[in-house]
Amino acid sequence: MSHRICVMSYRDMKHPEAGGAEVIIQEVFSRIAERGHEVTLLTGMFPGASATDRIGPLEIHRTGSVYTYNVAAPRYFNRRLAARGYDLVAEDLNKIPLFLPRLVKVPALAIVPHLFGTTVFQQASIPIGAYVWSHERFIPLVYKNTLFSVLSETTRNDLIARGLPAENLRVIRSGMDHNLYKPSPLPVNARPPRVVYLGRLKKYKCIEHPILALPRVLEKVPGAEYWIVGEGDYRAELERIASRAGVADHVRFPGFLGGADQVRILKESRVLAYTSPKEGWGLSVIEAGACATPVVASDSPGLCESVVDGKTGFLVRHGDIADLAGKMTALLSDDALAQGMAEEGVRWAATFNWESSAENTLKLIDEIVAGRSDRGKQAGR
């Protein structure tokens, strides 16, 4: 039986700031659409975007901005899309909650990479941070009867601690593109002593931590470099931090790179650094593993599950610059250690694929839609 599904997410893959959450939505629901289900993605507008579009098998509708989407999207759905007779709405609960269970008359699935909690104040101004934080506090009330798909056990535990029923929270891991991310042909000892970060340049990601670690690393590995690949509003501050730390000549900013170029940089680098205080999972970490590139990451929610500490890379206490420097130095200088972790990373990454993610998500959708049907039959008796 095919379903008609509307997915609501702040961004789509054409958005200039699309990240891991958008990749997951696109990959999972494209595969669900390819299995014969009708999938519409209702997402936010951005400069230069068209109001309607198509990305692969997904029909795209855009409304609102990053600041108004939480109000505009439910209104757009009810006025312009609801008449199509959707079986389910899936909310990517990744910014400000839309509170769909209260605003639409269709069963809802909540998809949660992670909730911000107080970390939102590291990314946004105090007024915006307070707005997001206060809205998250209503999630247990509004979504108490909603089934959730979450990326990690740490996110599941966070939601349980907030008061949501454990039986409503299902962990569905993200997959990855094994056609694009393949083991590097270069053994680790043939790569330059380069540490790389790939992603958006945002303050809350704490991308500066490896910069602060570099002076200690350079004492043991004089040629070490840190490449920060991506764009964002934190770039100028990162450049200032590198200058103040006296390592500006060892920090590179290649800018935004597309898929193939990004993968090439990853395969040519010796270490991926990911020092965020909180992630839904850590898709970039798994992609690095697939490319045989070891990882140094913070032992923060999400990352503490995507990195197998001591096998696919190292976890360090978040904010411990001395420990971070020590682990970076070890992977840049110890060929046997780095090569062993590179090989473990390939094996670990091989266990994740998008087909399984889509299959498990579809099973959850089937369960929700079947529950609605059963309730309808009972009401008709």
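Computed quantities for the displayed model
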{"item": "Spans of strands (runs of 3 or more DSSP E) in region 42-110 with at least 3 residues more than 21 Å from the chain's Cα centre (by Cα) and among the hydrophobic types (A, V, I, L, M, F, W, C)", "result": "none"}
{"item": "Count of residues meeting criterion [in contact with a strand residue (DSSP E or B) (Cβ under 9 Å, 6 or more places away or on another chain), closer than 18 Å to residue 216 by Cα and of a type in the set (Gly, Ala, Ser)] in region 244-263", "result": "1"}
{"item": "Residue list for region 66-90, filter: more than 24 Å from residue 127 (Cα to Cα) and in contact with a strand residue (DSSP E or B) (Cβ under 7 Å, 6 or more places away or on another chain)", "result": "76, 77, 81, 84, 85, 86, 87, 88, 89, 90"}
{"item": "Within region 111-139, considering residues that are under 22 Å from residue 165 (Cα atoms), aromatic (Phe, Trp, Tyr) and modelled with pLDDT under 85, the one nearest to the chain's Cα centre (by Cα)", "result": "116"}
{"item": "Matching option when the condition is surrounded by 15 or more Cβ atoms within 10 Å (Cβ to Cβ), assigned by TED's automatic domain parsing to the domain that holds residue 23, farther than 23 Å from residue 304 by Cα and not polar (S, T, N, Q), among 99, 116, 148, 138", "result": "99"}
{"item": "Matching option when the condition is touching a residue at least 12 places away in the same chain (Cβ under 8 Å), of a type in the set (Asp, Glu), touching a Lys or Arg at 6+ places or on another chain (Cβ under 7 Å) and in a loop (DSSP other than H, G, I, E, B), among 22, 17", "result": "17"}
{"item": "Conditions (1) crowded, with 18+ Cβ neighbours inside 10 Å; (2) within 15 Å of the chain's Cα centre (by Cα): number failed by residue 153", "result": "(1)"}
{"item": "Subset of region 168-181 (residues that are surrounded by fewer than 19 Cβ atoms within 10 Å (Cβ to Cβ) and in contact with a strand residue (DSSP E or B) (Cβ under 9 Å, 6 or more places away or on another chain))", "result": "168, 170, 171"}
{"item": "Positions within region 197-236 being of a type in the set (Ser, Thr, Tyr) and in a loop (DSSP other than H, G, I, E, B), in sequence order", "result": "234"}
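The values are calculated or read from the model by the stated rules, or taken from the named source; none is laboratory data. Since the structure is predicted, the reported quantities are computational estimates derived from the model, not experimental observations. So basically every Cβ, Gly included, is an ideal-geometry build from the backbone, and we count neighbours across all protein chains shown.
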